[in-house]
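To keep things clear, I will list the structure first and then write my remarks on it.
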Amino acid sequence: ILERFGMSDCKPVSTPMEAGMVLSKAMSPQTPQEAEYMKSVPYMSVVGAILFLAQGT
């Protein structure tokens, strides 16, 4: 899965983000260029692959 989504060099961590972190609108893309880039990120495929892995283990 990591190779498929170009993340094979990522370092392992116990949680994907800091516990208790509150997401906000300010973390969203702020410019048209950032928004356009985000369209190319395959979130639905990544989440689906992770769910499949979690259910199968």
So how many residues does segment 22-57 have that are of a type in the set (A, V, I, L, M, F, W, C) and surrounded by 10 or more Cβ atoms within 10 Å (Cβ to Cβ)?
10
The number of residues in segment 2-23 that are among the hydroxyl-bearing types (Ser, Thr, Tyr) and either modelled with pLDDT of 90 or more or closer than 15 Å to residue 50 by Cα (or both) is 2
Residue among 37, 43 that alone is within 13 Å of the chain's Cα centre (by Cα) and among the aromatic types (Phe, Trp, Tyr):
43
Might you check whether a residue that is surrounded by fewer than 10 Cβ atoms within 10 Å (Cβ to Cβ) and within 13 Å of the chain's Cα centre (by Cα) occurs anywhere in segment 4-12?
yes
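The values are calculated or read from the model by the stated rules, or taken from the named source; none is laboratory data. Since we're looking at a predicted model, the values are computed, not measured. Neighbour counts are summed over all protein chains in view; Cβ atoms, including those assigned to glycine, are modelled from backbone coordinates with ideal geometry.
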